[in-house]
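Q: Have a look at the structure that comes next, please.
Read-outs throughout are calculated quantities, based only on the coordinates presented, and are distinct from any laboratory measurement. These numbers come from a predicted model, not from an experiment. FYI the Cβ positions are ideal-geometry reconstructions off the backbone, even for glycines, and counts take in every protein chain you see.
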Amino acid sequence: MVRPTKVTNRIRALRFAADEMTQAELADRIGVTRQTVIAVEQGRYSPSRQMAFLIARVFGVPLDEVFQYPEEAS
Amino acid sequence: MTWVSAVVSAIVAAVYFSVILGRLGDVPVTEIAYQRPLLIAIGAVIVLTIVGSIAMGIGTGISAEITGNGSAEDIGRKDERDVRIGRRGELVGYYVASIGMLGAFALTLLEYDYFWIANALYLSFVVAALVSSAVKLVAYRRGF
C-alpha cells in the first residue's frame, strides 16, 4: 500500500532557510493541518497544485524550487 | 475522529450481537425480540459517536495547547488531505456495504426470517463502517 510519491521536495530546507519556520507555522500560513505538512514533507502525500503553489508563495520561490520530479534512472 | 467512529461501531456491535446471539439457543429465531436492541444499538452508535467526537476534540485540543504540539485551531482544521482520505475510506466502505446488501437481498429471495435479514443488514453496515475507518487510518499513517 505504501506508494511514496516520486515527487521530491525541499520544504524542510526551505523552512530552515526561512528563519527556522516550524511545521505548525507553515501549516497555519497555508491553511492545512500540521499532519499534512509533515506528510508532504516526508513524501507521503502529494499535494494539490493549489497547495503546492501556496507553499512556494510562502517561501517566495518558484514552484520547482520547492518540488522536483527527478528523471528516472533507466 | 476516525478512531472514535471505529471503536464505537465495534463496541456497540459486539454488545448487540452478544445479547442477540445469547438468545439464539433459548427461543426459536422467529420469536427473538431483536427489534428493540437493534434500534437501541443504532441510536447508541449515533449518540456515542457525537459525544465521543466532542470529547476527543476537546481532549486533543487541550493536550495540543499544553504540549505546544500544534494548536487547538489546528486540530479542528480539515484540509484537502483529510477530504481525499475521507473519500477513499467512504468509497471502500460503500463497496463493502454493497456486498452486504447483496447478501441481505439473497436472504429475502430465499425467504429467510426477518430476524436474519435485519441482522445481516446491520452487520453489513457495521463491517462497512469498520473497513472504512481502517482504510482511512492506514491512509493517514502510511500515506497514499
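Q: I'd like to check which helices (runs of 4 or more DSSP H) are fully inside chain A and have at least 2 residues that are surrounded by fewer than 19 Cβ atoms within 10 Å (Cβ to Cβ) and within 14 Å of another protein chain (Cβ to nearest Cβ).
A: Ranges flagged: A:23-30, A:34-41, A:49-59.
Q: Is one or more of the residues making up the range B:80-91 free of Cβ contacts under 8 Å to residues at least 24 places away in the same chain, more than 14 Å from every other protein chain (Cβ to nearest Cβ) and not hydrophobic (A, V, I, L, M, F, W, C)?
A: No, the conditions are met nowhere in the range B:80-91.
Q: Report, by residue number, each residue of the range B:38-62 that is surrounded by fewer than 14 Cβ atoms within 10 Å (Cβ to Cβ) and either over 15 Å from residue B:19 (Cβ atoms) or not aliphatic (A, V, I, L, M) (or both).
A: B:43, B:46, B:47, B:50, B:51, B:54, B:55, B:58, B:59, B:62
Q: Name the residue, out of A:37, A:66, A:7, A:61, that is touching a residue at least 24 places away in the same chain (Cβ under 8 Å) and under 16 Å from residue B:140 (Cβ atoms).
A: Answer to the check: A:37.
Q: Please work out if residue B:34 is over 15 Å from residue B:114 (Cβ atoms) and more than 14 Å from every other protein chain (Cβ to nearest Cβ).
A: So residue B:34 fails the test.
Q: Looking only at residues in the range B:18-30 that are touching a residue at least 24 places away in the same chain (Cβ under 8 Å) and not polar (S, T, N, Q), which one is surrounded by the fewest Cβ atoms within 10 Å (Cβ to Cβ)?
A: Ranking the qualifying residues of the range B:18-30, first place goes to B:29.
Q: Go through the range B:34-133 and tell me which helices (runs of 4 or more DSSP H), entirely inside it, have 2 or more residues that are among the hydroxyl-bearing types (Ser, Thr, Tyr) and closer than 19 Å to residue B:5 by Cα.
A: Result: B:35-67, B:80-109.
Q: For the range B:14-33, which positions are of a type in the set (A, V, I, L, M) and within 21 Å of residue B:4 (Cα to Cα)?
A: B:14, B:15
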